[in-house]
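Every number here is computed from the coordinates shown, using simple stated rules; none is lab data. Everything numeric in this text was worked out from a predicted model, so none of it was measured. Note that each Cβ is placed from the backbone with ideal geometry, even for glycine, and that neighbours are counted across all protein chains shown.
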Amino acid sequence: QVQLVESGGGLVQPGGSLRLSCAASGIIFSIYTMAWYRQAPGKQRELVAFISSGDTTNYIDSVKGRFTISRDNAKNTVYLQMNRVKPEDTAVYYCNAKTGPLNYWGKGTLVTVSS
């Protein structure tokens with residue numbers, strides 16, 4: 001049974017930092033491209049960042065220089081370090097694992113950026 005479990009969400013002040021984690025089980029983690037998506041209220045889900053099995057990373061423009069995605073294959077975990085957060089980063093953040101036709105999602109963790 002495949003499970004992706006996100007953690008680390010919460011309330012953070014503008015300009016602050018937060019680290020999200022996603023622990024995977026039931027998959028050969030190292031071969032998957034791992035990604036973080038987010039969905040803000042009333043908006044479509046969007047890709048925030050991904051990291052390939054070969055550690056290639058990519059980010060949407062709005063988070064470049066502020067967010068960092070990383071992975072630890074020994075721990076089957078992917079991270080999203082969020083620095084200098086802004087109110088517009090408020091969203092439910094979802095972990096995604098994809099390889100070929102296989103595509104899995106976590107249930108999400110809420111990040112609220114507010115003073």
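What is the chain's relative contact order, in percent, from Cα pairs under 8 angstrom and six or more apart in sequence? Display every interim value, and only then the final one.
On the way: 274 pairs, mean separation 41.6, N = 115.
About 36 percent, as a whole number.
May I ask for the net charge around Trp105, where only other residues with Cβ less than 13 Å from the Cβ of Trp105 are counted and Lys, Arg are +1 while Asp, Glu are -1? Provide the component values of the computation, followed by the final result.
Numbers: positive: Arg38, Arg45, Lys98, Lys107; negative: Glu6.
Net of charged neighbours comes to +3.
What share of the DSSP beta bridges in the chain is antiparallel, in percent to the nearest 5? Display every interim value, and only then the final one.
Values: 39 of 42 bridges.
Approximately 95 percent, going by the DSSP bridge assignments.
Under the √(5λ) rule applied to the eigenvalues of the Cα gyration tensor, what semi-axes describe the equivalent ellipsoid of segment 1-90? Give them in Å, descending. Don't skip to the answer; put the middle values down first.
Details: eigenvalues 103, 39, 33 Å².
Value: 23, 14, 13 Å, ordered largest first.
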